[in-house]
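Heads up, the thing below is written out as structure tokens.
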Amino acid sequence: MGQRVVVPIQNWMTQPEKTIDQIGQSFFESALLIYPTATLWGIGGVPSPAVIEKLQSVKDRSGPFLMVWQDIETLLSALMRAPDTTRQFITQWSGRAVTTLVPLSYFSEPHTIPECCISESQQVAVRVDGLRPLNSLIQSSRSDAWLSTSVNLKGEEPSMRFTQQDLFFQNLKEDAILFEYGLPLIGTATTIVDLSAQKVVRQGAAHVELTSEE
């Protein structure tokens, strides 16, 4: 059984840097993080080799996993090779429950993208979440983005209640940190958009209609 740390909501939402210092940077960068997003509960963490290995084990798959970025400026800075239409779309839907699939070639430093986040079609799923305290926590972790996927086991529905996260957390064999959060979430997965194919892959919490100009 791995080490368990539970972080009260008032700590991480108001003092994210102090919270990470108290946990310890080395443990934080090697543990699985279970945290709320604006839509559903997520699991992932800093894209370190230790976290990648743990996440792949828990989810029983090698990937691909989403990258949740600390803010729109950091994401756009990473996507310097993306066309203006893609950058405008991502900016428009930033923080609005939309995940965008972008080609790996759009990144100015594609070698920095973890292999577990790259699909067979050489695309990467990116998002800036709408839960601002989460964005601050990512920034305080000294990472541009976190690995992220839904909190559920293979074949189960993604969960949206804190009680479900607590049970999932207690049953983990890996080192893990749970960020308490009792406020309601949207409860629906994000909408996924593939701009290269001009296709809405999944309609979710945000309704997106593509035009020929996007």
**Message:** Considering only residues that are out of contact with any Lys or Arg (no Cβ under 7 Å at 6 or more places or on another chain) and either part of a strand (DSSP E or B) or acidic (Asp, Glu) (or both), which ones fall in the stretch 174-196?
**Reply:** Asp175, Ile177, Leu178, Phe179, Glu180, Val193, Asp194
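Within the stretch 42-50, can one find any residue that is crowded, with 19+ Cβ neighbours inside 10 Å, polar (S, T, N, Q), within 28 Å of Arg96 (Cα to Cα) and modelled with pLDDT of 95 or more? If you could, list the steps in order and put the result at the bottom.
First pass over the stretch 42-50, keeping only residues crowded, with 19+ Cβ neighbours inside 10 Å: 42-47.
Next, from what is left, pick out any that are polar (S, T, N, Q): none.
No: zero hits.
So, in the stretch 122-172, of the ones that are of a type in the set (Val, Ile, Thr) and within 29 Å of Leu75 (Cα to Cα), which residue ends up modelled with the lowest pLDDT? Don't jump to the end; show me each part of the working.
Taking the stretch 122-172 and keeping what is of a type in the set (Val, Ile, Thr), we get 124, 126, 128, 138, 149, 151, 163.
Keeping just the survivors that are within 29 Å of Leu75 (Cα to Cα) gives 124, 126, 128, 138, 149, 151.
Working: Val124: 98, Val126: 98, Val128: 97, Ile138: 97, Thr149: 94, Val151: 86.
For the stretch 122-172, the residue satisfying everything is Val151.
Here is a yes/no grid of residues against (1) touching a Gly at 6+ places or on another chain (Cβ under 6 Å); (2) polar (S, T, N, Q); (3) farther than 23 Å from Arg127 by Cβ:
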position: Pro8; (1), (2), (3): no, no, yes
position: Thr14; (1), (2), (3): no, yes, yes
position: Leu33; (1), (2), (3): yes, no, no
position: Ile52; (1), (2), (3): no, no, no
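May I ask you to verify whether Ile186 is at pLDDT below 90 and aliphatic (A, V, I, L, M)?
Working: at pLDDT below 90: yes; aliphatic (A, V, I, L, M): yes.
In short, yes.
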**Request:** Please give the number of the condition Phe89 fails out of (1) touching a residue at least 40 places away in the same chain (Cβ under 8 Å); (2) under 16 Å from Thr149 (Cα atoms).
**Result:** (2)
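Answer yes if at least one residue in the stretch 60-79 is touching a Pro at 6+ places or on another chain (Cβ under 7 Å) and either outside any strand (DSSP E or B) or over 22 Å from Ser150 (Cα atoms) (or both), and no otherwise. Quick ask: steps written out before the conclusion?
Taking the stretch 60-79 as the starting set, the residues that turn out to be touching a Pro at 6+ places or on another chain (Cβ under 7 Å) are none.
No, the stretch 60-79 has no match at all.
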**Request:** Of all residues in the stretch 92-117, count the ones that are crowded, with 19+ Cβ neighbours inside 10 Å, under 17 Å from Ile192 (Cα atoms) and without any contact (Cβ under 8 Å) to a residue 60 or more places away in the chain.
**Result:** 1
**Request:** For the stretch 6-19, state whether one or more residues are over 14 Å from Gly130 (Cβ atoms), touching a Ser or Thr at 6+ places or on another chain (Cβ under 7 Å) and assigned to a loop (DSSP other than H, G, I, E, B).
**Result:** no
**Asked** In the stretch 197-214, which residue that is surrounded by 13 or more Cβ atoms within 10 Å (Cβ to Cβ) and assigned to a loop (DSSP other than H, G, I, E, B) is modelled with the lowest pLDDT?
**Response** Glu214
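Go through the stretch 80-91 residue by residue and tally those that are in a loop (DSSP other than H, G, I, E, B) and either at pLDDT below 95 or surrounded by fewer than 21 Cβ atoms within 10 Å (Cβ to Cβ) (or both).
Our first condition is that a residue be in a loop (DSSP other than H, G, I, E, B); within the stretch 80-91, this holds for 80-83.
This time we only want the ones that are either at pLDDT below 95 or surrounded by fewer than 21 Cβ atoms within 10 Å (Cβ to Cβ) (or both), so: 80-81, 83.
Qualifying residue count for the region: 3.
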**Asked** Looking at the stretch 70-95, which of its residues are more than 15 Å from Thr211 (Cβ to Cβ), of a type in the set (Val, Ile, Thr) and more than 16 Å from the chain's Cα centre (by Cα)?
**Response** Thr91
**Prompt:** Taking the stretch 164-198 as the search range and keeping residues that are touching a strand residue (DSSP E or B) at 6+ places or on another chain (Cβ under 8 Å) and β-branched (Val, Ile, Thr), which one is farthest from Gly130 (Cα to Cα)?
**Reply:** Ile177
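The values are calculated or read from the model by the stated rules, or taken from the named source; none is laboratory data. For clarity, every value in this text was computed on a predicted model and none was experimentally measured. Quick reminder, even Gly has a Cβ in these numbers, built from the backbone with ideal geometry, and neighbours come from all protein chains shown.
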